[in-house]
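Below is one structure, written out as structure tokens, with a few remarks after it.
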Amino acid sequence: MFTPVNERDSWREIYRELEAYMLTEDGKKFLNIPFQELKPADCLFQSLMLEIKGDYENTQIVETSALRDLYTREYNECWEKQATYVTRTLAQRPTNAPVVDIASGLATLVEFIAARINAPIVVTDISPTILKRDKRILQLNHLEDRVDLLAFDIRRMPFKDSSLSAVTTNLGFQNVSDKTGDVDGIIIELSRVLNGKLMGIFDFYDPEDQENRKIISELGLEWSFYRGEFLSRFEKTGLKVGVKNVCLGRKNPTPVGEYFKEATIDTLPVKTTSTEWCTIEADSP
């Protein structure tokens with residue numbers, strides 16, 4: 001199910017650029033390079049191109065390889081610890097109680113949860129393009145009967161007041177800039193629909209890390225990249241906010257590719273740092 005979204009669909013633009021590249025001689029050659037010979041960033045773009053071709057099985061193989069090698073072992077281990085914690089917490093709820101995942105993106109957390117618990121899950125994003133992709137991947141993994149898909153702007157969620165008992169997000173808030181997004185409006189909207197628990201996976205930076213702080217500030221992400229500022233913003237709504245399952249992990253700048261040298265996978269960090277992974281739990285009053 002999709003609701004009309006008038007915002008720019010950045011995923012659609014990425015797919016269109018890759019589709020045009022695939023028609024060139026260089027693009028055809030690139031697609032035939034064994035993924036084991038590619039740098040991780042190029043590997044990720046090849047997985048998207050395979051998806052455009054409809055080769056979803058190899059899409060997953062190449063994407064998994066790319067994501068494993070793009071990030072440090074500590075990064076991947078800390079993420080899995082948070083995903084496991086969220087899943088175990090959800091498993092304690094009634095199986096017929098739906099889970100709504102906000103800003104799902106590639107639906108990495110949704111896949112993790114759906115493969116482990118028997119509960120209906122609503123996959124959401126502002127981009128209909130990425131949700132269509134998620135639907136195909138979930139079908140490939142025989143998880144489509146567990147999920148529904150809904151496109152909307154998080155500032156105007158199509159849910160009644162106090163209607164959601166479980167909301168999850170995987171680093172979703174950390175893509176919302178205080179300069180371009182209505183952060184307070186998003187938080188108020190979440191508190192409006194919540195009648196239970198919000199569980200979000202977060203990756204907080206050290207405020208004393210000046211090199212990364214400079215970029216975080218320029219991007220308007222202080223509110224979501226620093227634990228203290230995030231908790232302060234959320235607590236203003238009356239939600240009861242807690243920090244759970246903390247672990248520390250080394251994080252390196254995302255390596256660039258050889259074929260897509262101008263494409264940046266992640267803007268941060270700009271230098272190696274240690275970040276604090278945790279699950280934020282926010283309970284309705």
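Screening region 177-285 for helices (runs of 4 or more DSSP H) wholly inside it with 1 or more residues that are over 21 Å from the mean Cα position of the chain (by Cα) returns the ranges 183-193, 210-219, 227-235.
Somewhere in region 11-31, is a residue in contact (Cβ under 8 Å) with a residue 12 or more places away in the chain and closer than 19 Å to N170 by Cα? Within region 11-31, one or more residues are in contact (Cβ under 8 Å) with a residue 12 or more places away in the chain and closer than 19 Å to N170 by Cα. Mind checking which residues of region 1-16 are modelled with pLDDT under 50 and touching an Asp or Glu at 6+ places or on another chain (Cβ under 7 Å)? The answer is M1, V5. Within 15 Å of the chain's Cα centre (by Cα), touching a residue at least 12 places away in the same chain (Cβ under 8 Å) and farther than 23 Å from T267 by Cβ: does that describe V147? Criteria not met by V147. Here W277 meets each of (1) surrounded by 15 or more Cβ atoms within 10 Å (Cβ to Cβ); (2) closer than 21 Å to L44 by Cα; (3) among the hydrophobic types (A, V, I, L, M, F, W, C) with one exception, condition (2). Could you tell me whether K261 is within 30 Å of E17 (Cα to Cα) and surrounded by fewer than 19 Cβ atoms within 10 Å (Cβ to Cβ)? Against the criterion (within 30 Å of E17 (Cα to Cα) and surrounded by fewer than 19 Cβ atoms within 10 Å (Cβ to Cβ)), K261 qualifies.
Please work out if I201 is closer than 18 Å to S232 by Cα and at pLDDT 95 or above. Criteria met by I201. When region 175-194 is filtered for residues that are surrounded by 16 or more Cβ atoms within 10 Å (Cβ to Cβ) and modelled with pLDDT of 90 or more, the ones remaining, listed by number, are V176, D178, V183, I186, I187, E189, L190, S191, R192, V193, L194. Screening the candidates F30, F35 for the property of being more than 20 Å from I137 (Cβ to Cβ) and among the aromatic types (F, W, Y) yields one hit, F30. Among (1) over 21 Å from I113 (Cα atoms); (2) surrounded by fewer than 20 Cβ atoms within 10 Å (Cβ to Cβ); (3) touching a Lys or Arg at 6+ places or on another chain (Cβ under 8 Å), there is one condition E51 misses while meeting the rest; what is its number? Condition not satisfied by E51: (2).
For region 60-83, a tally of residues being surrounded by 15 or more Cβ atoms within 10 Å (Cβ to Cβ) and without any contact (Cβ under 8 Å) to a residue 60 or more places away in the chain returns 7.
The set of residues in region 142-154 being surrounded by 14 or more Cβ atoms within 10 Å (Cβ to Cβ) and closer than 18 Å to R116 by Cβ consists of L143, E144, R146, V147. The set of residues in region 242-258 that are among the aliphatic types (A, V, I, L, M) and modelled with pLDDT of 95 or more comprises V243, V246, L248.
When each of L194, L138 is tested for being touching a helix residue (DSSP H, G or I) at 6+ places or on another chain (Cβ under 9 Å) and of a type in the set (A, V, I, L, M), the lone residue that passes is L138.
Regarding region 264-273, can at least one residue be identified that is modelled with pLDDT of 95 or more, exposed (fewer than 14 other Cβ atoms within 10 Å of the Cβ) and within 20 Å of L109 (Cβ to Cβ)? Scanning region 264-273, I find no residue that is modelled with pLDDT of 95 or more, exposed (fewer than 14 other Cβ atoms within 10 Å of the Cβ) and within 20 Å of L109 (Cβ to Cβ), so the answer is no.
Of everything in region 84-104 that is buried (at least 22 other Cβ atoms within 10 Å of the Cβ) and not hydrophobic (A, V, I, L, M, F, W, C), the residue that is farthest from V193 (Cα to Cα) is S104. Criterion applied to I117, I113, I188 was being in the same structural domain as R93 (by TED's automatic domain parsing) and within 26 Å of Y15 (Cβ to Cβ), and the one residue passing it is I113. May I ask you to list the residues in region 45-59 that are in contact (Cβ under 8 Å) with a residue 40 or more places away in the chain and either touching a Leu at 6+ places or on another chain (Cβ under 7 Å) or of a type in the set (F, W, Y) (or both)? Once the filter is applied, which keeps residues that are in contact (Cβ under 8 Å) with a residue 40 or more places away in the chain and either touching a Leu at 6+ places or on another chain (Cβ under 7 Å) or of a type in the set (F, W, Y) (or both), region 45-59 yields F45, Y56, E57, T59.
The values are calculated or read from the model by the stated rules, or taken from the named source; none is laboratory data. Just so we're clear, the structure is a prediction, and the values are computed from it rather than from any experiment. Every residue, glycine as well, gets a Cβ built from its backbone with ideal geometry; the counts of neighbours run over all protein chains shown.
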